[in-house]
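Inspection log for the structure reproduced underneath, given as structure tokens.
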Amino acid sequence: MIELTKNGAYLVNGTELVEDNAEAAAKLQALTGSAPSKEEAATGTMAYSILKAHNTSNDMKQLKIKFDKLTSHDITFVGIIQTARASGLEKFPIPYVLTNCHNSLCAVGGTINEDDHMFGLSCAKRYGGIYVPPHQAVIHQYAREMLAECGGMILGSDSHTRHGALGTMAIGEGGGELAKQLLCKTYDVAMPGVIAIYMEGTPNKGVGPQDVALAIIGAVFGNGYVKNKVMEFVGPGISSLSADFRIGIDVMTTETTCLSSIWRTDDEIKNFYEIHKRGDKYKELNPAPVTYYDGVVKVDLSKIKPMIAMPFHPSNVYTIEEVKKNLKDVLHAVEEKAIVSLDNQVEYSLQDKIVNGQLYVDQGIIAGCAGGGFENICAAADILKGKYIGADEFTLSVYPASTPIYHELAVNGRLADLMETGAIVKTAFCGPCFGAGDTPANNAFSIRHSTRNFPNREGSKLQSGQIASVALMDARSIAATAANKGFLTGADELDVEYTNPTYHFDSFIYDHRVFDSKGVADPSVDVKFGPNIKDWPEMPALTDNLVLKVVSEIHDPVTTTDELIPSGETSSYRSNPIGLAQFTLSRKDPAYVGRAKEVQLGEKAREAGEDVVAALPEIAKVLENIKKEYPSVNNDNTGIGSTIFAVKPGDGSAREQAASCQKVLGGWANFANEYATKRYRSNLINWGMLPFLIPAGDLPFKNGDYIYIPEIRKAVLEKADVIKAYTVTDQGLVPFEVTLGALTDDERTIITKGCLINYYRG
């Protein structure tokens, strides 16, 4: 089904793989009459050519990328624009689309009205952007329909910014990186490795894009095979996939922790652009006749079966057939993993979901950028036609990804077919994916064609004693389960005639409802602020030395951004940095905020020139022990802050708040064995936080300990390979070593300035 090569490989004429080994040169010579070097052949990837076209550095090893377009939604655009405004923004230099697909309900706490939306509309007018009102489209679907272009690049402040299937290299990053683009700066990154996703065969009936995506995620997430690399989709199997099918796989590449994705294009993608009345944006993309890849993921589409990602991660994958055959064992395995994920905070069991030997599901949802595509919904309607979901606990909700899709479903009758089954069809909204809307009952089990199934991401609250389980599945198998009135069923178990109706795109609703400035800024427009829209607080610059208190210690194998700053109702405080910060780590370590704020009292006193010990009495003994070896330590040269340790933080969302909330509470650093994604590490850096790396093994400190790091500012600026730190004890300073990993010169300056805003202010 999925096979990973141990070495890199050459791809010849897009169809034949030659693994990089001692015989490779001879094989290439026989096939092509030449044997190019790996370095030469690596320039033949589609990714290389697109990155080269957007690189401004004249150095293909250290890229400085300028993107063609930017996209944000209403969890992120306020903070991004506020950052850019504070840094001197005058107009949007490139098309910037502000969608409103997260606070669509205007009823999830914090900003429970449309203040953020009015802020966005006024900014689109003042600075020359595009504003998509609530319920019109989820962010990524609008980009597919109206923004993507072959050979282009899009940067979005949502981690699932992926448009590779349409020939567009797209990257999801934290807001700081978008602010840089708004200020005409660059996205700086080392040339990423490129991994071929080589597809062959044809999917079997009942298998959908989520099944293929989950199979790939299961094969590559745990081993980091594609981490921070570009996934380049090639091979003859692509030709058997529709545009919607490819898009459905592509959007889930984020869950592999890759940097971006790109696919070869053909007449199927040309037709997509023509349907959307943008045929001039199409061009054929293919790798060079001989191309070198750093690794290969071989995907035999004909061997993929309906899949399910069990709680609590998209990589926890099984075939549905396997789950049904070994139900008790699989559920027990999930329960064992939950002990780690949930820290035993709530009682958790799935055994009561076994009814007459079958797994009973409480809720089905087909939604958003992954599930809400036209083909997915039509296939679900075909499966359900003439059937009923029943009158018991099971419910089914369907969210088309855009109003044009919704409109076409109404025109072709699929909307009525779904409604007749008992399904509820709703408007374009990302809520089911981040925990606002359709929150299941306590201990309920939900199956979703959406992007993530992290703990509590569906909206339940550990701090209130609640937990629900989400499993990811394809729309087809969700519909099959619904047809079976809630009992887990793979779509391949049903004999269904799929009608595959033709899609007709009508942009009339966009033409008359979306505000498009056409890039013309109007400085006479005043930005509209609501009372919950606050400026960023002042951030201090990095001092010569640092005293850090460890205020949280997390030993999960991976810590998601949802655990660092929960999604759902907390996100409605997104425009209020101090208000949002109160939720930091609330589901993972509820005591974190109190501990961090206590330490921050000492730093605020230091900055104000007041008595630090009076503000933070416990620091007296710490400073006394430090001064025994470093007598020059004083209020002017030594900052006081908090820090956390996590084994591998940052999997998941691109939301910069995962880092900025720590900084708002006085955080100066993270200690980690590794960072799950580039985007989380970039968020730390852009908020002036030190992304320390410490070798796996016994920690030299524990929660509650103080750490002293002398000459940290000097170490950052002088690019020290190893940085000496000390755990402060009553017996003296106990040394240990940390590193910072690769940093650009600009990143070093951002850290020493204290944050990106300070950096641009000068």
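Each value in this text was obtained by applying a stated rule to the coordinates, not by laboratory testing. Only a predicted model underlies this, so the values are computations on that prediction, with no experimental measurement involved. Cβ atoms come from the backbone with ideal geometry, glycine included; neighbour counts cover every protein chain shown.
Numbers at a glance
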item: Fewest-first ranking of K549, K648, using other Cβ atoms within 10 Å as the exposure measure; result: K648, K549
item: Restraint check, K66/K125; K281/K663; K52/K227; K328/K426, Cα-Cα greater than 32 Å; result: K281/K663; K328/K426
item: For G357, net neighbour charge (Lys/Arg +1, Asp/Glu -1) across residues whose Cβ lies under 12 Å away; result: +4
item: Around S517: net Lys/Arg minus Asp/Glu count, Cβ-Cβ under 10 Å; result: +2
item: Using distinct alpha-carbon pairs, which all enter the 1/r mean, Kirkwood radius of the stretch 61-147 in Å; result: 13.6
item: Low-density loop cleavage sites - trypsin sites (Lys or Arg not before Pro) in the stretch 621-654, where at most 13 other Cβ are within 10 Å (DSSP); result: K628
item: For the stretch 319-508, convex hull of alpha carbons as volume per residue, Å³; result: 108
item: Qualifying chymotrypsin sites (Phe, Trp or Tyr not before Pro) for the stretch 106-158 [loop in DSSP, other Cβ within 10 Å: at most 13]; result: none
item: Reduced Cα scattering model of the chain, Debye log10 I(q)/I(0), q = 0.05, 0.08, 0.10, 0.12 Å⁻¹; result: -0.24, -0.64, -1.01, -1.43
item: Along each principal axis, Cα extent of the stretch 1-87, largest first, Å; result: 60, 37, 20
item: Order by protection proxy (mean Cβ within 10 Å, highest first), peptides 392-399, 83-90; result: 392-399, 83-90
item: Acute angle (nearest 10 degrees) that the helix 209-220 long axis makes with the longest principal axis of the chain, alpha-carbon atoms; result: 40
item: Loop sites in the stretch 648-712: trypsin sites (Lys or Arg not before Pro), DSSP, at most 12 other Cβ within 10 Å; result: K702
item: Check: the stretch 545-761 dipole with +1 on Lys, Arg Cβ and -1 on Asp, Glu Cβ, in debye; result: 400
item: The stretch 115-190: projected area of the alpha-carbon convex hull, averaged over directions, in nm²; result: 5.9
item: Top positive-direction residue, dipole computed over the chain with Cβ charges, set A581, L331, Y760; result: Y760
item: The stretch 580-625: mean projected area of Cα convex hull, nm²; result: 3.9
item: Unit charges on C-beta of K, R, D, E only; dipole of the chain, Debye; result: 1040
item: Highest-first arrangement of 439-449, 476-486, 66-76, 33-43, where packing means the average Cβ count within 10 Å; result: 476-486, 66-76, 439-449, 33-43
item: Likely footprinting exposure, C430, C755, fewest C-beta neighbours within 10 Å first; result: C755, C430
item: Cβ-based net charge around S586, under 10 Å, with every Lys or Arg adding one and every Asp or Glu removing one; result: +1
item: Rounded to 5, percent antiparallel among DSSP beta bridges of the chain; result: 40
item: Top positive-direction residue, dipole computed over the stretch 312-411 with Cβ charges, set S397, A379, Y318; result: A379
item: Reach of K324 by Cα under 20 Å, taken over aspartates and glutamates that are not fewer than 8 positions away in the same chain; result: D211, E335, E336, D352, D362, D474, D492, E493, D495
item: Prolate/oblate/rounded label for the stretch 545-761 (Cα gyration tensor, a/c 1.5); result: rounded
item: Test item: Cα-centred dipole of the stretch 29-103, Lys/Arg +1 and Asp/Glu -1 on Cβ, debye; result: 120
item: Packing-based order for 608-617, 462-471, using average beta carbon neighbours within 10 Å, highest first; result: 462-471, 608-617
item: Computed [θ] at 222 nm, deg cm²/dmol, the chain (DSSP H ≥ 4; -39,500 (n - 2.57); rounded to nearest 500); result: -8500 deg cm²/dmol
item: Dipole-positive endmost among A672, I750, G650 within the stretch 545-761 (Cβ charges, Cα centre); result: I750
item: Rounded FRET efficiency, nearest 0.05, which uses the C-beta distance separating K61 from N21 and R0 of 35 Å; result: 0.85
